[in-house]
Ligand SMILES: NC(=O)c1ccc[n+]([C@@H]2O[C@H](COP(=O)([O-])OP(=O)(O)OC[C@H]3O[C@@H](n4cnc5c(N)ncnc54)[C@H](O)[C@@H]3O)[C@@H](O)[C@H]2O)c1
């Protein structure tokens, strides 16, 4: 049996693809300030305008005072350096997801994937 196509058609010449150019600061909203969301928020806030969203007001208040709501060596280090003025982070936190998402170029979702085994359903 012969193929009715040329197998080389399956390959893509990636050398012709231009590199992604990140040439400006983006407005980024991050939903969830747990380990995943906060790591990303802190890293992205070095070069972008980041708003971290959480449903727990105490976490939001801590973040707005550059105090980490999670125990993590690097997140704590970066936030404490931002607090002392040693590091520039464009990061603020809010419980107002609606406003943050409406104003964002990009939204990162790092909220829990809580599964209800009784209903067999993800919230
Ligand atoms: N931690 C990991 O190593 C890991 C690895 C792979 C995938 N994940 C996935 O990434 C996601 C986040 O994980 P994590 O460890 O950071 O979780 P986490 O429990 O540490 O943090 C989640 C945060 O989201 C907040 N939150 C809950 N509902 C929200 C809502 N509606 N809007 C905004 N914030 C909300 C919570 O208050 C909490 O602060 C989960 O879906 C998890 O399954 C985690």
Let's test the formula: R0 of 22 Å, r as the Cβ-Cβ distance of residue 109 and residue 72. What FRET efficiency results, to the nearest 0.05? 0.65
Give me the distance in nm between label points sitting 7 Å out from Cα along the Cα-to-Cβ direction at residue 118 and residue 56, one decimal. 2.3
Rounded to a whole number, the Stokes-Einstein D of region 18-83 in µm²/s (Kirkwood radius over Cα pairs; 37 °C; 0.692 mPa s) is 265
Relative contact order, percent, of region 19-108 when contacts are C-alpha pairs under 8 Å separated by at least 6 residues? 39
For the chain, the longest principal axis of the Cα atoms and the Cα long axis of helix 73-83 enclose an angle in degrees, to the nearest 10, of 60
Measuring from label point to label point, each 7 Å out along Cα→Cβ, what is the residue 84 to residue 4 span in nm? 7.0
Gain in length, residue 24 to residue 46, computed as 0.36 nm per residue apart minus the alpha-carbon separation, to one decimal in nm? 6.7 nm
Pulled fully out, how much extra length does the chain show between residue 92 and residue 11, if you take 0.36 nm times their separation in residues and subtract their Cα-Cα distance? 24.7 nm
Using mean Cβ contacts within 10 Å as the protection proxy, how do 88-99, 24-35 order, highest first? 24-35, 88-99
Please report the antiparallel percentage of DSSP beta bridges with both residues in the chain, rounded to the nearest 5. 15
Tilt relative to the chain, helix 35-44 - C-alpha long axis, 0 to 90 degrees, to 10: 90
Output needed for the chain: three equivalent-ellipsoid semi-axes, defined as square roots of 5 times the C-alpha gyration tensor eigenvalues, in descending order, whole Å. 37, 23, 14
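Read the figures in this text as sums done on the coordinates, not as results from a lab. Given the structure is predicted, the values throughout are model-derived calculations rather than measurements. All Cβ positions, glycine included, derive from the backbone under ideal geometry; neighbour counts span all protein chains shown.
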